[in-house]
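For reference, the structure is listed below as structure tokens.
Values in this text are rule-based calculations from the coordinates and carry no lab data. From a predicted model like this one, the values you see are computed outputs, not experimental measurements. Using ideal geometry, Cβ is built from the backbone for each residue, glycine included, and neighbour counts are taken over all protein chains shown.
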Amino acid sequence: MSKQQPREQQQTGVKTGSGLHFHRNNYLLFVAGILLLVLGNILLSGGGSDDPEVFNPEIFNSQRLVIAPLTLMAGFVAIGFSIMWRFKK
């Protein structure tokens with residue numbers, strides 16, 4: 001006697017409840033995204049002044065205005081891709 005597959009599996013051809021949904025590459029890309037977020041936040045920090053009466057122009061350098069936000073966006077995009085992307089087996 002042959003086992004009959006559930007009706008859902010017959011129609012879609014997708015196994016339900018079969019192992020992990022993410023592959024090693026997904027996890028590596030996710031970790032890379034997290035590291036980019038940490039790096040972006042480190043680049044964004046600093047530039048303040050110890051004395052509130054003294055202005056420090058370091059808050060307007062290109063590191064804090066361009067490089068750090070681009071690094072943060074790259075981290076968010078990498079995390080999004082790691083969740084949505086299906087790598088071939």
Among 52-60, 72-80, how do they line up by average Cβ neighbours within 10 Å per residue, starting with the highest? 72-80, 52-60
Put +1 on the Cβ of every Lys and Arg and -1 on every Asp and Glu Cβ in the stretch 33-89; which of I67, P57, L36 then has its Cα farthest towards the positive end of the dipole? L36
Rounded to the nearest 20 debye, what is the charge dipole size of the stretch 33-89 about its Cα centre when +1 sits on each Lys and Arg Cβ and -1 on each Asp and Glu Cβ? 860
Kirkwood Rh, Cα atoms: Rg over Rh of the stretch 33-89: 1.23
Computed lengthening from K88 to N25, 0.36 nm per intervening residue step minus Cα-Cα distance: 21.7 nm
